[in-house]
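Notes to accompany the following structure.
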Amino acid sequence: MSNPRPARLRGSRGRRIRVKVGARDGIRCFHCRTPFASTDDATLDHYLPRSLWPIHCQWNLVLACARCNAHKGSTLPLGLLLVLRPWLTAAQLEVAA
Ligand SMILES: [Zn+2]
């Protein structure tokens, strides 16, 4: 199931954010480390899923290839899930898993 890019992350604003995130993290997929020819080839992925943290803060955005972004969906990164597990409710764990 595709996850359409939020309106605020499309267009020139999204391009500017991708450039800033690429300068911070490198121009490659955060998840599989595949390099991009340019940030225009990348998607913006919310490190903490929008379903859990519905704010577009730049610190919560990473560059991701379309395949990794679609595969990740609304799941939490495994390392973060293990750290947060004691504080998450059963419903949040179901969304995050
Ligand atoms: Zn990837």
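If you go through segment 8-19 and keep only what is more than 16 Å from the ligand (Cβ to nearest atom) and either of a type outside the set (S, T, Y) or not in a helix (DSSP H, G or I) (or both), you end up with R8, L9, R10, G11, R13, G14, R15, R16, I17, V19. If the condition is being assigned to a helix (DSSP H, G or I) and surrounded by 15 or more Cβ atoms within 10 Å (Cβ to Cβ), then segment 20-30 contributes V21, G22. Taking segment 31-81 as the range and being away from the ligand (no atom under 16 Å from the Cβ), in a helix (DSSP H, G or I) and either in contact with a Leu (Cβ under 9 Å, 6 or more places away or on another chain) or closer than 16 Å to L9 by Cα (or both) as the test, the residues that pass are Q58, W59, N60, L80, L81.
Residues in segment 40-86 that are among the hydrophobic types (A, V, I, L, M, F, W, C), more than 18 Å from A23 (Cβ to Cβ) and touching a strand residue (DSSP E or B) at 6+ places or on another chain (Cβ under 6 Å): A66 only.
Readers should treat all values here as calculations from the given coordinates under stated rules, not as data from a laboratory. Only a predicted model underlies this, so the values are computations on that prediction, with no experimental measurement involved. A quick note on method: Cβ atoms are made from the backbone with ideal geometry, for glycine too, and the neighbour counts reach across all protein chains shown.
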